[in-house]
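Colleague: Below: one structure in structure tokens.
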Amino acid sequence: MISDLYTSLTAREQRAFRWSAAAAAVALWLSMAWMDPMILLTVPLIGGAFYIYRIRHRGDEPEDDDADWL
């Protein structure tokens, strides 16, 4: 239902939809940070750490013979 709505929008409306979703996410993040300032620091740090992890391990292939978890 949501995907049908999104695909029926024009390119300009889709861009406006994405920007408004991003603005709503930022407003929500700042309102949460207003109550607990630690969120203001932890969310970007976790996101940055995950981004660096993904960049460093982009070309790694999983080891198939590692079955220690079974």
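Each value in this text was obtained by applying a stated rule to the coordinates, not by laboratory testing. Please read these numbers as outputs of a predicted model, since none were measured by experiment. Every residue, glycine as well, gets a Cβ built from its backbone with ideal geometry; the counts of neighbours run over all protein chains shown.
Colleague: Whole-Å semi-axes of the range 2-56's equivalent ellipsoid, largest first, each the root of 5 times a Cα gyration tensor eigenvalue?
Modeller: 29, 18, 8
Colleague: Put +1 on the Cβ of every Lys and Arg and -1 on every Asp and Glu Cβ in the chain; which of Ser31, Ser3, Gly59 then has its Cα farthest towards the positive end of the dipole?
Modeller: Ser31
Colleague: Tell me the mean residue ellipticity at 222 nm calculated for the chain from its helices only (DSSP H runs of n ≥ 4, each -39500 (n - 2.57), averaged over every residue, nearest 500).
Modeller: That comes out to -24000 deg cm²/dmol.
Colleague: Now, a different point. Once phi is turned into ³J(HN,Hα) by the Karplus curve 6.51 cos²θ - 1.76 cosθ + 1.60 with θ = phi - 60°, what whole-Hz value does each residue of the range 14-21 show in order, with x for glycine and proline?
Modeller: 5, 5, 5, 5, 5, 5, 5, 5
Colleague: Right, another one. With +1 assigned to the C-beta of every Lys and Arg and -1 to the C-beta of every Asp and Glu, and no other charges, what is the dipole magnitude of the chain about the Cα centre in debye, to the nearest 20?
Modeller: Value, rounded to 20: 820 debye.
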